[in-house]
Amino acid sequence: MITIDGNWVMEGLEYEDDSNELTDLVNKIGFLPLFKNNIKGFSVEERTAKYSWWSGPLEEDPWEWRSILASEGIVAYGKVFMNKAGFVSKEWYPVLASYRRDGYDFDSRYEDGLASRRSKNIIDVLSHYETLPSYEIKTMAGFHKDGEKGFESTINSLQMQTYITVRGFQRKRSKKNEEYGWPVALYSLSERLYGEDHVRSAYHKKAEDAKYSIVEHLHKIFPESTYDEIAAFIR
């Protein structure tokens, strides 16, 4: 994405594609950030039609496909690359969880003093629901003027650590049940996406071994990038 005369301009392709092709691509590569980065070709932006972004129609707009793919639950979506959004396949999600969690489920991480009370508040709220919109999580977890601070950074950190994931988007509803405003993210515990056994199935791997598996895999697909570049991007 570049800026021209104060406007965002996508650097994608000239031809159209669809969300089914994007799902296939995520499953093939295993990982796919939403926007262009320093690894050439490693983004949704570079692999979709540039003029279809923010065009509106659900079936044409890659920005809207985030909601489709997240709600289908075939691939995981969230802020998983340097606190920026992207997709992870079901096959590779346990390996990413092994790397990012270093063998800790959330309760163990908290008991060992490696997670904040703010994070625990969010996890505790989500443990009682299949999904919740971000504004409800924020209220229920005590983030308000006189309460907890740093909601966005905390929820981003939990996504990076693979403890929670986005399960779709929805707009708020008025008292008359009419939708209004921008769509907001729906979150759930990641174990609710793929199941506890699957998400934790690579816990036997040491974090560094899991990291190496991811870097080695991506280097085969993007050989022009160095190991260090890939490692820095998925850290």
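Bear in mind that the values in this text are calculations on the coordinates, not laboratory data. Since this is a predicted model, take the numbers as computed values, not measurements. No Cβ is skipped: glycine too gets one built from the backbone with ideal geometry, and neighbour counts run over all protein chains shown.
Listed cross-link partners LYS84/LYS211; LYS28/LYS211; LYS79/LYS138; LYS149/LYS205 are compared with a 23 Å cut-off, the Cα-Cα value being larger for LYS149/LYS205.
Within the straight-line cut-off of under 20 Å between alpha carbons, the lysines reachable from LYS145 are LYS120, sequence neighbours fewer than 8 places apart in one chain being disregarded. When all alpha carbon pairs of the stretch 102-199 are counted in 10 Å bins from zero, the resulting P(r) reads 15, 47, 30, 8, 1 %. One chain, two ends: HIS198 and ASN38. Fully extended at 0.36 nm per residue, the span grows by 54.5 nm beyond their Cα-Cα distance.
By the count of other C-beta atoms within 10 Å, a proxy for reagent exposure, TYR135, TYR194 are ordered fewest to most as TYR135, TYR194. For the chain, hydrophobic long helices are taken as DSSP H runs at least 18 Å long by C-alpha position along their axis with mean Kyte-Doolittle hydropathy of -0.5 or more; these are 207-221. Note on GLU91/ALA207: beta-carbon distance plugged into 1/(1 + (r/R0)^6) with R0 of 25 Å gives a FRET efficiency of 0.85. With R₀ set to 35 Å, the beta-carbon distance separating SER108 from HIS217 gives a calculated FRET efficiency near 0.80.
Each residue in ILE74, ILE39 was given a count of other beta-carbon atoms within 10 angstrom of its own, and listing them fewest first yields ILE74, ILE39. Between the amide H of ILE164 and those of GLN159, SER190, distances stay under 5 Å, these residues lying 5 or more places away or on another chain, with hydrogens modeled in the peptide plane. Residue exposure proxy: ASP102, ASP146, ASP61, ASP24, ordered by other Cβ atoms within 10 angstrom of their Cβ from fewest to most, comes out as ASP146, ASP24, ASP102, ASP61. Within the chain, antiparallel bridges make up roughly 90 percent of the DSSP beta bridges whose residues both belong there. Using the Cβ-Cβ distance between ASN20 and MET82 with R0 set to 25 Å, the FRET efficiency works out to roughly 0.35. A straight chain from ASP228 to SER127 at 0.36 nm per residue would run longer than the Cα-Cα distance by 32.7 nm. Across the stretch 179-190, computed HN-Hα scalar couplings (Karplus, 6.51 cos²θ - 1.76 cosθ + 1.60, θ = phi - 60°) run 6, 7, x, 6, x, 10, 6, 9, 10, 8, 5, 4 Hz from first to last residue, x flagging Gly and Pro. Gyration tensor analysis over the Cα atoms of the chain returns equivalent ellipsoid semi-axes of 27, 25, 16 Å (largest first, whole Å). When shorter helices are ignored and each DSSP H run of at least 4 residues is given -39500 (n - 2.57), the per-residue value for the chain at 222 nm works out to -11000 deg cm²/dmol.
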